[in-house]
Each structure stands twice: as structure tokens, then as C-alpha cells.
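Heads up: the structure comes next, in C-alpha cells.
The values are calculated or read from the model by the stated rules, or taken from the named source; none is laboratory data. Model, not experiment: these values are computed from the prediction. Neighbour counts run over all protein chains shown; Cβ positions are idealised from the backbone, glycine included.
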Ligand SMILES: [Mn+2]
């Protein structure tokens, strides 16, 4: 049996697959090859996984196991969001070093998904001696991988996984026809992507695109054509929507009311600012705010274009969420505070003794965005001054 050469396997002998994704970057040959060469995979994502991260990890692990690979599916958690709670049991909270020894470091690949640094997985020190593949769709931040399939045009990491799962069977078959004989069917799409995997991938896609609405005009058509194949497996879109949006604790509804009551609609309502404190969460007995609903309701407000939500993580430490419409690049603001995200959705953490001070720092930076001259606005100063250290009762 002759070995398939790189050029040969990569292009010429690859039959045209009509469903192959067009609106995304080509998967680098070395990335596909890595799935062929490595035997043991540690599938990681960022801490505090969202649905895109968790589903990408899960779908990738399921596919690799179907291909006869050994997989450690690992997450630092916590699985706080209701839409991914049901996945938590599939994940280990630690990397099993013994298994790595058993397979050998040179046959082990760590896949880091939905972020681009080992740091964000919480397992950086365990990964020093391993080869690393990054699969991510975020633009900001450096990339520390030996292999990388990163594409900022992709609406979700799950979409990149979807693309890999589409192309992998044929690639593996071409690399080793005898070993992967069973992979050749007419329906390449159905091989690794059955209804169960389709459900999982679609949830990741749906959450990161806000059920399609964050898709970019440039490649929305391609993306929708691609997920149509997931929908063809007869997944139930209404239950996925309910999984994505439902199941929230009643306390989060009260807290949402509080965030809306506290919101300042500044600069003719173009900028919406609000904040939540640790003691609020304690009072309403919730672990986290339903910030997504706050963003959706605020962006639905007349004139509103930019949102800043401050959420106290612990004494003196604040999680900051930004959302924006149109040209406002809040990702660049978050990046200046060491955070990340996209142009219209981003986050960071800052230290400040009280919310008013945190807002001052953040608004000063937001003021550098074209069309948001906040710095000299009297109403913004007034709003900041009005932000108390809120006391319940
Ligand atoms: Mn994502």
C-alpha cells in the first residue's frame, strides 16, 4: 500500500464534497494529520464553560472515541449555566497523568477549544510537555499551540468542530484505507454527526449566534447551509431554544428586575449601564446573573447601542460585560483591560474598591470609541455618583 503524500491527500484525491463549508478557513493539513497521528487526546476548554465551549468539547470527544481514539474530556468547570448542567457528568475535573504515561507524551495531543491559551483552561502546568492543538473562533489574545485551527469568521467553535467532523472521515480513510475502511459511506455527514451529536453542535452554534442573529452577512448563508445538515437529522429546534433560554432560577428574574431598575440610559439612551453586587446574589440566592437577558432587553430599548454591565465577583473584583450594536468595537475596550471577546460582545475583569470607581475606569476607556464622548458628559458623572454600595432591605 502506498503512502498518500501531503499534496495528494490534501487536494487532488479528495472528492468534492458539496456540503463542505465555504465561508470558513480551510482546515490546515497538519491539523487533520494530528487527528491521524495522535492516539490519546485531552479535550479541554476554558474555565466557566459556556454552551459553545462545552458542546465543542463534547462533540469532539464523542467523535474521537467513535474513531477508536482514547479521550480525556476535562473541564475546570463550574457548569453554572442551566443549558449545560446536563453535560457536567461527562467531564473530568482533572487531567489523568497516568493515562498520559500509558500512551506516551509523544502520542498525546491536548486540544484546547473556544480559547487560545493554556492559561484559560486552568491546567497550564499539566500541559507543558504536551503537543497542543488550538480550535477557536475568537480574534483577540495570543495563541499558544503547536497546531491551530482558528477562524475569527466562524460564528462558534462548534462550527469549526462541525467542519472537522465533516472532513475527518475521508481524510483518515485516505491516510489509511485499511484501518479506516468502515469510515467510507455515501453519507460522510451522518458518520460522525448523528442526531445526538447534531443536537450538541447545534446548541453550541445557537447559543453563540443568539439563535442566528449574530451571524455576519459575509458568511451567514454558508453557515446556515452548513447547519441545515444538522437540522436534517430531525433535531427539535424548539427544545434546543428552551434548553438555551429556559430553566433559570426565579431569583434571577428578581435580579434582572433590579439590574433594569438600576440601569442608566445615558447619552440620549445610546449607552446603557448597570451593575450587580455580591450581596444581591446572596439575597436572591443565585450564583450568577442572567446577564444575557439583561443585554437582550437593554438592546431592545429605543436608541440603545452600547451596554456595560458590572458584576461584582468578589470584594474589589468586577466582571465586566460589554455588548454593542453596529460599529462600536467593545472588544477593543475589553482587550485594554486584559479581557477578550468580539467586536459586539466582550468581557473583562477589573479591580476597584467600589462600583462607582470601576465605572469611572471603564467609561473613560469607552469614551475613546468614536461617537461615544462620555468623558465630559454631566449625566454620566451624575450616574457614577449615584451608584451606591447598594444595601438590601
Ligand atoms: Mn464560542
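For the range 106-129, which positions are in contact with a strand residue (DSSP E or B) (Cβ under 7 Å, 6 or more places away or on another chain) and either at pLDDT below 95 or under 24 Å from residue 156 (Cβ atoms) (or both)? Within the range 106-129, 109, 110, 111, 112, 113, 114, 115, 116, 118, 121, 123, 127 qualify. When the range 318-335 is filtered for residues that are in contact with a helix residue (DSSP H, G or I) (Cβ under 8 Å, 6 or more places away or on another chain) and part of a strand (DSSP E or B), the ones remaining, listed by number, are 318, 320, 321, 322, 323, 324. If you go through the range 52-106 and pick out every residue that is farther than 19 Å from residue 123 by Cβ, away from the ligand (no atom under 16 Å from the Cβ) and surrounded by 15 or more Cβ atoms within 10 Å (Cβ to Cβ), you end up with 6. Would you confirm, using the coordinates I've provided, whether residue 381 is assigned by TED's automatic domain parsing to the domain that holds residue 277, closer than 30 Å to residue 136 by Cα and surrounded by fewer than 16 Cβ atoms within 10 Å (Cβ to Cβ)? No.
Only residues that are closer than 15 Å to residue 322 by Cβ and either free of Cβ contacts under 8 Å to residues at least 12 places away in the same chain or outside any strand (DSSP E or B) (or both) were counted across the range 290-308, and they come to 9. If we scan the range 109-124, do we find a residue that is more than 21 Å from residue 37 (Cα to Cα), in a helix (DSSP H, G or I) and either within 16 Å of the ligand (Cβ to nearest atom) or not assigned by TED's automatic domain parsing to the domain that holds residue 58 (or both)? Among the residues of the range 109-124, at least one is more than 21 Å from residue 37 (Cα to Cα), in a helix (DSSP H, G or I) and either within 16 Å of the ligand (Cβ to nearest atom) or not assigned by TED's automatic domain parsing to the domain that holds residue 58 (or both), which makes the answer yes.
Within the range 134-154, is there a residue that is in a helix (DSSP H, G or I) and either at pLDDT 90 or above or more than 16 Å from the ligand (Cβ to nearest atom) (or both)?
To start, the set of residues in the range 134-154 that are in a helix (DSSP H, G or I) comprises none.
Within the range 134-154 (the criterion being in a helix (DSSP H, G or I) and either at pLDDT 90 or above or more than 16 Å from the ligand (Cβ to nearest atom) (or both)), the answer is no, since none of the residues qualifies.
Tell me whether the range 339-356 contains one or more residues that are farther than 14 Å from residue 270 by Cα, under 27 Å from the mean Cα position of the chain (by Cα) and surrounded by fewer than 14 Cβ atoms within 10 Å (Cβ to Cβ). Yes; the residues of the range 339-356 include at least one that is farther than 14 Å from residue 270 by Cα, under 27 Å from the mean Cα position of the chain (by Cα) and surrounded by fewer than 14 Cβ atoms within 10 Å (Cβ to Cβ). Just the residues that are touching a strand residue (DSSP E or B) at 6+ places or on another chain (Cβ under 9 Å) and surrounded by 15 or more Cβ atoms within 10 Å (Cβ to Cβ), please, taken from the range 252-271. Result: 255, 258, 259, 260, 262, 263, 264, 265, 266, 267, 270, 271. Looking at 268, 292, just one residue is modelled with pLDDT under 95, in the same structural domain as residue 381 (by TED's automatic domain parsing) and within 16 Å of the ligand (Cβ to nearest atom), and that residue is 292.
Of all residues in the range 187-195, none are surrounded by fewer than 19 Cβ atoms within 10 Å (Cβ to Cβ), farther than 18 Å from residue 232 by Cα and assigned by TED's automatic domain parsing to the domain that holds residue 134. Screening 224, 170, 160, 203 for residues that are outside any loop (DSSP other than H, G, I, E, B) and without any contact (Cβ under 8 Å) to a residue 60 or more places away in the chain leaves exactly one candidate, 224.
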